[in-house]
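Working notes, beginning with the structure itself.
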């Protein structure tokens, strides 16, 4: 199945443009309008993945939902039907630890601002299709939460929580994910927006708990270009975040070792995601946001077969 393709809109999706806009709601509206305008078909299709029943094919029905196994057994055409899309719950889980404040020298948005934009746009899309969205912000504790709701006015509350976050503490993903897995009673799609700067083994144990509770999990790994490429060339004072000290260093002598360790860390996360059936998407803060929305929606569509 070919996923929906979005065409980048430089006026709506480019981080440099978004950085000039004041207010998260304005940014989210520009992202959504630009994304929807670039789609070849509806972006609101494909979230519901709960199979309900079969019904006989009628001329004009969408053949994507034809059950080929039933056709092979019975030589009859039946379509898969899924539970009403309003049954979907999207849980947005937003990292507000201090490391998310980082904004590289050539980046228009910090990691947190970029994650805010993704979360706000996704909340907007989910509510547009009358599904429910909730939000949890966390660092080493759960700092705020908004229960899932499908009311259109719910968007303002979700954005208000995002905008009021204070990025000061360390993160503790493992314990937080375990706690949230116990809190999220109804099965849904858990969308986590974070730089995932934490112990990978502990973090993966928490993510595995979500899967044990039969949630679908999508990781948006939000990173700055400078963190990925380490472009520094002259002696630099690196400011510590999450209670780490400042370090004055010659980056040229560190670059090779840094990139090796950073690549190892990312590979461990991606391997854990593959092992547990978790969708992983790297998000660079210097790139348009349509890839974030397309990746998530394409994943939902791929599961509706």
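Multiplying the sequence separation of residue 258 and residue 170 by 0.36 nm and subtracting their Cα-Cα distance, what value in nm do you get? Kindly include the intermediate steps, with their values, before the conclusion.
Details: separation 88, 0.36 × 88 = 31.68 nm, distance 2.13 nm.
Full-extension gain reported as 29.6 nm.
Ranking of 191, 70 by neighbouring Cβ atoms within 10 Å, starting from the fewest: 70, 191. Each of 178, 185 was scored by other Cβ atoms within 10 Å of its Cβ. Arranged with the fewest first, they read 185, 178. Give the shape of region 108-149 as rounded, prolate or oblate, defined through the alpha-carbon gyration tensor: a ≥ b ≥ c are the square roots of its eigenvalues, a/c under 1.5 means rounded, and otherwise the shape is prolate if a/b is larger than b/c and oblate if not. Taking the square roots of the gyration eigenvalues as a ≥ b ≥ c, region 108-149 is oblate.
As a proxy for reagent exposure, 270, 239, 111 were ordered by neighbouring Cβ count within 10 angstrom, fewest first; the result is 239, 270, 111.
How do the peptides 214-227, 196-209 rank, highest first, by the average count of neighbouring beta carbon atoms within 10 Å per residue? List each step's numbers first, then the result.
Numbers: 214-227: 20.3, 196-209: 18.8.
Descending mean neighbour count gives 214-227, 196-209.
Here, each number is a calculation from the coordinates, and none is a lab measurement. Note that this is a predicted model, so its numbers are computed, not measured. Please note: Cβ atoms are built from the backbone with ideal geometry, for glycine as well, and neighbour counts cover all protein chains shown.
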